[in-house]
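The values are calculated or read from the model by the stated rules, or taken from the named source; none is laboratory data. Worth saying up front: this structure is predicted, and the values here are computed from it rather than measured. Quick reminder, even Gly has a Cβ in these numbers, built from the backbone with ideal geometry, and neighbours come from all protein chains shown. Remember, those area values only see protein heavy atoms, side chains included, never the ligands or the DNA or RNA. Shrake-Rupley method; radii C 1.70, N 1.55, O 1.52, S 1.80 Å.
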Amino acid sequence: MVGAEWVRWAFAAMFAALTIYYVIRLFVSDPGTSTGDGGRDRGVDVSRGVMSSGMAVMLMPWIDPLPRLCWQLLFGLATGYIAVRLIRRVLPSTVLPPAGPMPGHHELHLLVGGLAMVYMLAVMPAEQHMDMAQMGSSGLTLSVMTWLFVGYFVVFVVRLAARLAVPVNTLAGMAAGAALPGGGPRGVVVSPHLLGSTEVVMGIGMSYMLLTML
């Protein structure tokens with residue numbers, strides 16, 4: 001992959017750490033809760049973990065034990081799962097409780113992220129496996145698609161970072177019906193603020209990976 005070696009290692013380490021974090025969330029989430037951080041969104045956490053692990057191995061292809069086809073199928077399944085959740089959410093006859101104060105928000109972002117991963121794998125030359133060093137420019141269409149994805153993730157990161165910079169109003173959150181996480185280590189792990197911070201990191205990393213394709 002084009003780019004400074006230390007940048008690749010830094011992003012790969014962060015994505016590996018995020019994968020571990022999402023796995024931990026699966027074990028500390030309460031299946032009986034009614035918030036976006038509970039059992040109802042474990043499938044979303046799995047999708048996040050798949051994406052972060054895939055991003056890590058794309059940055060360091062020599063540690064990847066799986067062929068590219070496996071990653072394509074994995075991201076295809078994860079993206080399809082998120083798409084089904086969104087379709088079920090908009091169908092009037094389907095009863096699907098909202099995942100937190102912004103129903104469908106996380107699913108829509110994960111759907112775009114999954115499509116971006118499938119896109120990168122699709123345009124990658126087969127002989128390069130997971131290494132994007134020789135992808136270069138693949139024509140005007142691919143360049144436009146790449147810039148569209150980059151623009152989306154840049155806007156997402158800026159907007160989410162601005163929201164995270166605003167102090168949380170606990171009373172307003174309770175009035176809006178948002179359940180607050182408990183104290184201690186579990187409260188830190190399921191904290192919406194920490195989760196949002198991980199999404200900012202993934203958005204920055206995705207933008208970097210897409211820019212290396214131009």
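Would you say Gly100 is modelled with pLDDT of 70 or more and either open to solvent by 30 Å² or more (accessible area, probe 1.4 Å) or under 18 Å from Thr198 (Cα atoms) (or both)?
Values: modelled with pLDDT of 70 or more: no; either open to solvent by 30 Å² or more (accessible area, probe 1.4 Å) or under 18 Å from Thr198 (Cα atoms) (or both): yes.
Here the answer is no, as Gly100 does not meet what is asked.
Do the conditions hold for Leu73, that is, is it of a type in the set (A, V, I, L, M), modelled with pLDDT under 85 and over 22 Å from Thr198 (Cα atoms)?
Considered against the rule, which asks whether it is of a type in the set (A, V, I, L, M), modelled with pLDDT under 85 and over 22 Å from Thr198 (Cα atoms), Leu73 comes out as no.
From the list Leu111, Leu148, Leu121, Leu142, pick out the single residue that is under 23 Å from the mean Cα position of the chain (by Cα), within 22 Å of Ala78 (Cβ to Cβ), part of a helix (DSSP H, G or I) and modelled with pLDDT under 90.
On the way: Leu111 fails: modelled with pLDDT under 90; Leu148 fails: modelled with pLDDT under 90; Leu142 fails: within 22 Å of Ala78 (Cβ to Cβ).
Sole residue among the options that is under 23 Å from the mean Cα position of the chain (by Cα), within 22 Å of Ala78 (Cβ to Cβ), part of a helix (DSSP H, G or I) and modelled with pLDDT under 90: Leu121.
Kindly evaluate Gly43 against the criterion of being at pLDDT below 80, closer than 22 Å to Val112 by Cα and small (Gly, Ala, Ser). Steps first, please.
Details: at pLDDT below 80: yes; closer than 22 Å to Val112 by Cα: yes; small (Gly, Ala, Ser): yes.
It is true that Gly43 is at pLDDT below 80, closer than 22 Å to Val112 by Cα and small (Gly, Ala, Ser).
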